[in-house]
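Okay, structure first, notes after.
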Amino acid sequence: MADDSARKRKVRGRKIRDDRSSKEGRRAKKELARKASNAGERNGDSPLSDPGEVAPEPFVETDAVQSLRGRITGWLEADQPVHLIGPTGCGKTALALSAAAERGRPVVWINGDEAVDTAALVGDHAGGERYKEDDRFVSGVSKQTEIVRERWVDNPLSVAVREGATLVYNEFSRSDPAAHNVLLSVFEEGVLERPGKRGDDRSIDVHPEFRAIFTSNDVEYAGVHEQQDALLDRFVGVHVDYYDDETEREIVRSHVELSDEGVETVVDATRALRDDLDIVVGTRAAITAAKGLAVFDGAGNSEASENGQFDDDLLAEVFTDVLSPKVTGDQTDVDDLRSRIREAI
Ligand SMILES: Nc1ncnc2c1ncn2[C@@H]1O[C@H](COP(=O)(O)OP(=O)(O)OP(=O)(O)O)[C@@H](O)[C@H]1O
């Protein structure tokens, strides 16, 4: 079992354990903020968020977490875009948002996917505005002119460079590399060109406080879309992996109401499965398994939950449910997964 005093020593920052009701309250507030900003996006309003709004909660700050975040914020201070690369569910997004929030500048979030093109990043024409001008300059003569004015709507990258925000571009390697050509001049010359925009303000000077954090899954980074070298050359890469066991325990504890012993059992099982299985078993899987055990095992109040001695069958069933979405196959493959989980734990 983890030594409680050692754990307390290692945890930095604000108190991470909380009662369920205040956790629920925070969650509801964040959900409201998320909805509000989605509504803003739909209405063509700014995609900027307050740093406090994006700071991940709960967020534990062990030495390992602080040291990684310090590297990210340090490189941002040195005016370098940071590329966070690591396996699924290891904490890249939480780390990126926490580093972005720490800067205290507004934050702009972009999610990479196949549909992201230059216009989605920079902006686009959103139809025209028509209005009539009635010229009655000469008495008795009326001349009506219909004027169509094009309406341009800036998308997240334009807003971020203009406002000096911290851009968090999640899973950026999922987008088509051609969409990222506009980033080259942003980082090289400090100018964002807005293709398609007419007029003098076709380009925007990049605000001196603009910074960017990109995240990529290591497998996708290597295999999905190869991004152009010229762009990757301008990034610094921070490679992240799963945290140490103490940090993973802290993370699970911060998300789930379960005894320390129960959390330890779940994290030990997660780490054993990570080594033994050929599918990715991230920290998110540990959190989900702990949530399941807290419910299936008497809402975390049973004797087993107290001492972490869960029934082996229950533990194997819970982990099978958590990990089976990653198995592409039929019932035989799931049965095979279940027996491999049993062996591993
Ligand atoms: N320092 C932390 N404190 C609290 N929870 C954390 C921390 N780091 C990660 N987590 C939690 O661990 C889970 C996985 O983290 P996250 O989503 O950041 O991983 P990721 O690497 O971005 O995953 P993916 O590759 O799937 O996008 C999330 O539930 C997140 O809330």
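Since every read-out is calculated from the coordinates, none of them should be taken as a lab result. For clarity, every value in this text was computed on a predicted model and none was experimentally measured. Heads up, the Cβs are rebuilt from the backbone with ideal geometry, glycines too, and the neighbour counts pull from every protein chain shown.
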Compute the length gained on full extension between LYS326 and ASN111: take 0.36 nm times their separation in residues and subtract their Cα-Cα distance, giving the result in nm to one decimal. 75.2 nm
Quick calc, ARG130 & ASP201: beta-carbon distance into FRET formula, R0 35 Å, rounding 0.05, result 0.95
Quick one: which residues, 5+ away or cross-chain, put their amide H under 5 Å from the amide H of ILE110? H built at 1.01 Å from N. VAL168, TYR169, ASN170
Nearest-0.05 FRET efficiency for GLU57 and ASP244 at R0 = 22 Å, using Cβ-Cβ distance, is 0.50
Net lengthening on full extension, ASP268/GLU317 (0.36 nm per residue, minus Cα-Cα): 16.0 nm
Sites GLN228 and GLU343 - FRET efficiency at Förster radius 45 Å, r taken between beta-carbons, to 0.05: 0.50
Which whole-number percentage describes the relative contact order of the range 256-344, with Cα contacts under 8 Å and a sequence gap of 6 or more? 34 percent
With θ set to phi - 60° and the Karplus curve 6.51 cos²θ - 1.76 cosθ + 1.60, what are the ³J(HN,Hα) couplings of the range 179-188 in order, to the nearest whole Hz, using x for Gly and Pro? 5, 8, 4, 4, 6, 4, 6, 4, 7, 7
